[in-house]
Amino acid sequence: MTKVAIVYHSGYGHTAVVAEAVAEGVKRGGGTPDLIRLESAGQDFGPALDAVTAADAVIFGAPTYMGDVSVPLRAFFEASSKIWMSAGWKDKLAGGFTNGLTFGGNKDHTITSMWILAMQHGMLWAGPGVPLGNMAGNSTSAPEAANRIGSALGVITQSDNAGPDVTPPAGDKEFARLLGERIAKLAAR
Ligand SMILES: Cc1cc2nc3c(=O)[nH]c(=O)nc-3n(C[C@H](O)[C@H](O)[C@H](O)COP(=O)(O)O)c2cc1C
């Protein structure tokens, strides 16, 4: 079965909710998700790096902190440099997601950081493939609309200053499921 590693960090639990939705989508697409939560920049990244190497595809996730990926994911990226030297992740399928407090919040830059990492490794980047701003529906920004923020490079979600049990909203979680589903199906193909 197609294995999809989901490597993510979440400081306060909101990005973890998005990661779980991505994993549900992977299952919906017929794949097996391997959810790997990073805890700190100083941790041993060996098991997480091995999990990505063993997977058919990888989806990176992090909250946007100060307009970029949070530090534990950045440290994980730097820890992948030895694998980069041997082109160990070349041709692996990759995607990404981020979550932030604001609608803009420079979150595109966070996804771009993930994309550049994937391109440095020679991986194949896949976006969510969901119409921008739910153009198929009547509303572009309703909380129940998938891709209400309008992102093509990766999944971007928005959480209010409330607990991860109530935010991000349903449409954002469905957007995350659609990315997981797409990457699982593409990896199988
Ligand atoms: C240090 C710090 C920096 C942040 N910078 C941004 C930012 O640049 N853009 C944004 O939209 N939200 C920003 N936020 C808000 C978080 O992205 C938001 O609260 C998110 O839901 C946190 O996800 P988490 O619960 O998975 O840690 C920042 C939060 C912190 C703690």
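None of the figures in this text is laboratory data; all of them are computed from the coordinates on show. Bear in mind that the values here come from a model prediction, so they are computed numbers and not experimental data. Here the Cβ is made from the backbone with ideal geometry for all residues, glycine too, and neighbour counts use every protein chain on show.
For the chain, the Cβ-based charge dipole about the Cα centre amounts to some 480 debye (Lys, Arg positive; Asp, Glu negative; other atoms uncharged).
Using a Förster distance of 30 angstrom, determine the FRET efficiency expected from the C-beta separation of T102 and M1, and round it to 0.05.
Values: r = 38 Å, r/R0 = 1.27.
Efficiency computed from Cβ-Cβ geometry: 0.20.
Ranking of T15, T64, T167 by neighbouring Cβ atoms within 10 Å, starting from the fewest: T167, T64, T15. With R₀ set to 30 Å, the beta-carbon distance separating T112 from K82 gives a calculated FRET efficiency near 0.80. How much length, in nm to one decimal, is gained on full extension between A152 and D50, taken as 0.36 nm per residue of separation minus their Cα-Cα distance? Using 0.36 nm per residue and subtracting the Cα-Cα distance, I get 33.8 nm. Taking 18 Å as the straight-line reach from the Cα of K3, the aspartates and glutamates in range (excluding those fewer than 8 positions away in the same chain) are E20, E24, D34, D50, D56, D91, E181.
May I ask you to compute the full-extension gain from A41 to K90, defined as 0.36 nm times their residue separation minus their alpha-carbon distance, rounded to one decimal in nm? Intermediate values should be presented prior to the final figure.
Numbers: separation 49, 0.36 × 49 = 17.64 nm, distance 2.44 nm.
Once the chain is fully extended between A41 and K90, it gains 15.2 nm.
Footprinting exposure proxy ranking of M114, M119, fewest other C-beta atoms within 10 angstrom first, gives M119, M114.
Taking amide H atoms as placed 1.01 Å from N in the peptide plane, the amide H of K3 lies under 5 Å from those of T32, D56, A57, each 5 or more residues away in sequence or on another chain.
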